[in-house]
Amino acid sequence: MFGLKEKAWSPYLAGALIGLLQVPAFIFLGTALGASSSYVTVSASLAEFVDPGIRALSYAGKYLDGAKNWWQVALVGGIAIGAFISATLSGTRRSAPSPVWARALGTKSTAARFALAFLGGFILLFGARLADGCTSGHGISGIAQLAVSGFIAVGAMFAGGIATAMLLKPVR
Amino acid sequence: MSIIAAIGLGLVMGIAFGFLLEKSRVFEPGVIVGQMQMRNFIMLRIFLAAVASGLVVLALGQLTGIIPKLDPKATLYGAQLLGGFLAGVGITLAGACPGTILCQVGAGYRDAIVTLVGGLAGALTFAYLEPTLRPILLTGSPGKLTLHGLLGLPFWPLALVFAAVLIVALYAMERWRPWRTELGENADGVLPPAERVEEKAKTAAAPARV
C-alpha cells in the first residue's frame, strides 16, 4: 500500500508524516518548518558578489549567515533530491511542462508557459516574503501553532489563488 | 548547532520532505491549479492532514516538555493580507509553492527551473524594496498573536480539539469523494475533460453497431 515504488501515497498519511517534520525542526533548531526565506538567503548571497552593500541592508543582512538560514537552504535543496529519488523509484519522472497548462492557458506554447512560470515564481516569492512566510511557514507551521498570522496569510493565499485560477480555463 | 551540522540535518529532513511531497502528489501543477479552481481537493487533504499531525505533536511536545517553546510569527495585518494574496496569485500562476518548486525540479518538470529563477528574483527584489515598504506595511505589529493567547488558554487543549475537528473533516471529505478519484491516469491530478467523460458514457450506452 505504501511501497516506495507506489506513484501516490494516501494524502492523509503523506500529509501527517510531513506534519511530523515539525519535531526535529523544533528540537534541534527551535524553529518551525519553512521554505521561502531560503530564497532570500540564496539570492542575496549571489547578489553579494556584485553588490557587497547588500550585507548592510538590515533585512537582507539577517538572512545571509547562520545555522538556521543555511539549514533551510539545505532543507529546500534536499526536497529536490527526495523528489528525484521518489519519482525515479515509482517511474513518474517528468520532463515537459504538466499537461494542465495547455488546458488552463488554452495554448501549448512552451514559451508562454516559461514566461508565466517566471512571473508566477516572482510574484509567489515576493508575496511570501512580504507576508513573512509561505504555505510551509504560515500554512503548515503557523496554523499548527495556532498563530493568528498563519490564519490571515493562508486565508489571503487561498483568496489570491482562487481569484487567479478562476481567470484561467477550467482544468477538467 | 554548528552550521555544518545544521546543513546536514537540513539535507536529511529535506530529502524526507521532498520524498513525501512527491508521493503525496501535492507538487503537481494539475493538483494545485485544480485545488484553486475547487475541482481537485488533494492539496487541501494533505494540507489539513499536515496541520492536524503538527497540532498533535506540538501539543504532546509541550505537555512532555520536549518542545518547551513554540515559535509563532508576528502578526502584521497589512503585510499578511497583501503578501498572502500575492503569494496566492503566484501559487496559481507558478503551479507551485516555494517548497514544491524544488519538488518539481527534482521530479524533472522543465518549467520549474524557470519558476525557481523567478522566485529568487522575486525574493531579491523584496529584499531591496524592504526598506521602502517597512514604514508602510511592516511596522505596527500587535505582536506574536496566537489563538490560545487571545483566549487566555494553554496551547495543548485547544490544539488537540482543533486537530480532532480537522480529522473529522478529513474523514467526511473522504466519504464525500475518495482521494483516488482525483489522482488522474498519470498521477498528476489532470482528469479527463468533462465532455470526454460524457462522450464515453454515451458510447458505452449506445448499442454496438455491426
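Just so you know, in region B:102-130 the residues that are more than 7 Å from chain A (Cβ to nearest Cβ) and hydrophobic (A, V, I, L, M, F, W, C) include one that is surrounded by the most Cβ atoms within 10 Å (Cβ to Cβ), and it is B:112.
Criterion applied to B:86, B:70 was being free of Cβ contacts under 8 Å to residues at least 12 places away in the same chain and crowded, with 17+ Cβ neighbours inside 10 Å, and the one residue passing it is B:86.
In the set (1) surrounded by 17 or more Cβ atoms within 10 Å (Cβ to Cβ); (2) more than 8 Å from chain A (Cβ to nearest Cβ); (3) hydrophobic (A, V, I, L, M, F, W, C), the condition left unmet by residue B:153 is number (1). Restricting A:70, A:9 to those that are facing chain B (nearest Cβ under 7 Å) and either acidic (Asp, Glu) or within 17 Å of residue B:46 (Cβ to Cβ) (or both) reduces the list to A:9.
Taking residue B:136 as the residue in question, decide whether it is over 29 Å from residue B:159 (Cβ atoms) and surrounded by fewer than 24 Cβ atoms within 10 Å (Cβ to Cβ). So residue B:136 fits the description; yes.
Across region A:99-130, the qualifying residues are those that are more than 16 Å from residue B:29 (Cα to Cα) and aliphatic (A, V, I, L, M), and the one among them that is farthest from the other protein chains (Cβ to nearest Cβ) is A:111. Just one of the listed residues (A:47, A:14) is facing chain B (nearest Cβ under 7 Å), at pLDDT 95 or above, in a helix (DSSP H, G or I) and more than 29 Å from residue B:72 (Cβ to Cβ), namely A:47. Checking the stated criteria, residue B:160 turns out to be assigned to a helix (DSSP H, G or I), more than 7 Å from chain A (Cβ to nearest Cβ) and touching a residue at least 60 places away in the same chain (Cβ under 8 Å). Might you check whether a residue that is out of contact with any helix residue (DSSP H, G or I) (no Cβ under 8 Å at 6 or more places or on another chain) and free of Cβ contacts under 8 Å to residues at least 12 places away in the same chain occurs anywhere in region B:1-16? Yes, because at least one residue in region B:1-16 is out of contact with any helix residue (DSSP H, G or I) (no Cβ under 8 Å at 6 or more places or on another chain) and free of Cβ contacts under 8 Å to residues at least 12 places away in the same chain. Take the conditions (1) facing chain A (nearest Cβ under 7 Å); (2) buried (at least 24 other Cβ atoms within 10 Å of the Cβ); (3) part of a loop (DSSP other than H, G, I, E, B); residue B:54 misses just one of them, which is (3). Within region A:88-101, the only residue that satisfies the criterion of being among the aliphatic types (A, V, I, L, M) and either farther than 29 Å from residue A:5 by Cβ or exposed (fewer than 15 other Cβ atoms within 10 Å of the Cβ) (or both) is A:96.
The values are calculated or read from the model by the stated rules, or taken from the named source; none is laboratory data. Note that the coordinates shown come from a computational prediction; the quantities given were computed from them, not determined experimentally. Because the Cβ atoms are built from the backbone with ideal geometry, glycine has one as well, and the counts that use them run over all protein chains shown.
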